[in-house]
Every structure is written in C-alpha cells, then in structure tokens.
1. Are there any pairs with C-beta distances below 8 angstrom linking a residue in segment 91-111 that is more than 19 Å from Ser131 (Cα to Cα) and assigned to a strand (DSSP E or B) to a residue that is open to solvent by 40 Å² or more (accessible area, probe 1.4 Å) and basic (Lys, Arg), with the two at least 6 apart or on different chains, and if so which?
2. Here's a check for you: in segment 63-90, which residue that is at pLDDT 95 or above and outside any strand (DSSP E or B) is nearest to Cys12 (Cα to Cα)?
3. Ile31 - would you say it is open to solvent by 50 Å² or more (accessible area, probe 1.4 Å) and under 21 Å from Arg106 (Cα atoms)?
Amino acid sequence: VVRRSSVRVSNCVIRQNIGDVELINTRNGGISGIVGWDGAVLTVEYNEIVNNSWHGVVLCLDASAVIMNNLIDGEGRWSQEADGLDCSGIIVDCRARATIERNYLRGYPGGITVAREADSVVRSNIVETMSDWGIAYIGADWAPSRAIITKNVVYDCASGIVIERRASQAPDDEPGRLTGNIVAHTAVDSVKSETRGEAIALVAVPKGFV
C-alpha cells in the first residue's frame, strides 16, 4: 500500500495473499496485490501478481501510475478462494490517473476497469478468461472519467469491452476513444458467468467518444 509517496515496484512476485476466506466473503473485500491512494505516484513494471484475494492493482484518490509489462493472474482465486467477490485485475477509480500498457491479465471477474473521475490510457494489453468483463469504462454525469482504449486484445470473457460512461455537464468534457482493439470468443459457454454479454457493450456512450 502506497500513500503520499513515490514508489517503483519492479521485478517482484506478489503471490497467494488470500487472508481469511470466510471473512472475505462476508465483507466483500480481500487482499489486493498493489494499492496506490491519496496522491501516491507509482511505477509498476515486470511483476507477477498472482492469486491474491482481491484486485491485482488498485489506484484511487488522486493516485497516479505507469503499469507496464506485468502478469496479473487470478489463477483460480475467483472460484476457489473468494467466490462471489467483485474485483478487477486493474482498477483505476476516484480521480486516479494511469497508463496501462503491455500487461497480461487473466482469471479475474473483471480485467481492467476505469471508473469515477479516472483518467487512463489502456493500450496494448492482453486480457483473457474473465468471468464478467474484459475492459470496462464507467462514469457518472457527476463524476466523469476519461479513457483511451486502444490496441488491446480481449479474449474468452463473458463481455468483451463495456462502455457505460454517462455524459458530463462539464463544457470541457473529453471522454476519450475506443479504437483498434481485437475482441474474440466472448459470450461463450467456456466462461463461468451467470450472464453472458456482448463483444462490445455500448450501455451509455457520451457525445464525443469515438
């Protein structure tokens, strides 16, 4: 966990941080691999973040990071250790900023999530075998986010890419763009999910998002 500091996390193995499974399922929260919040500045590269009981990498509350060249793997954690726990391989939330590039993510409920007031570039990642979404871009009208999602490969996920970003009232709103991605083998029986979505689910698309 990093707060109000600048830290480089490189060439580390962060594995098997599970905790008390019964407590995790009761509280809908577990142990994440790397957490940056409250103004943290992170470089996260060349790590193996494997089989932890919550998110792989979390950024929130004005944190910023470059996240590159990592393996982020649920490795069965979803079904075996924390059944029903909602989490992502990488989540950027609450005014955080990130460049997410050339990572390999697999085996979580969600792959990469860009949410409330976040600002992210999501580029050239491989995301596969997610039980819910591969990449999700979410934002409310009161908390607009921005995401450039380009040149990613999303494979074997219940939903490929989900866009649910509401229009903002801000006159200078720049929602970002979705270009040049490959989405394959989504909404299939091999993915363990109660609901199977679409390759690209356009739930809410703001004006100016290409």
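The values are calculated or read from the model by the stated rules, or taken from the named source; none is laboratory data. Bear in mind the structure is a predicted one, so any value in this text is a computation, not a measurement. With ideal geometry, Cβ positions are generated from the backbone for all residues, glycine too; neighbour counts draw on all protein chains shown. Ligands, DNA and RNA are excluded from the accessible area calculation, which covers all protein heavy atoms including side chains. Shrake-Rupley method; radii C 1.70, N 1.55, O 1.52, S 1.80 Å.
1. Matching pairs, first to second residue: Thr99/Arg123; Ile100/Arg123; Glu101/Arg123.
2. Asn70
3. yes
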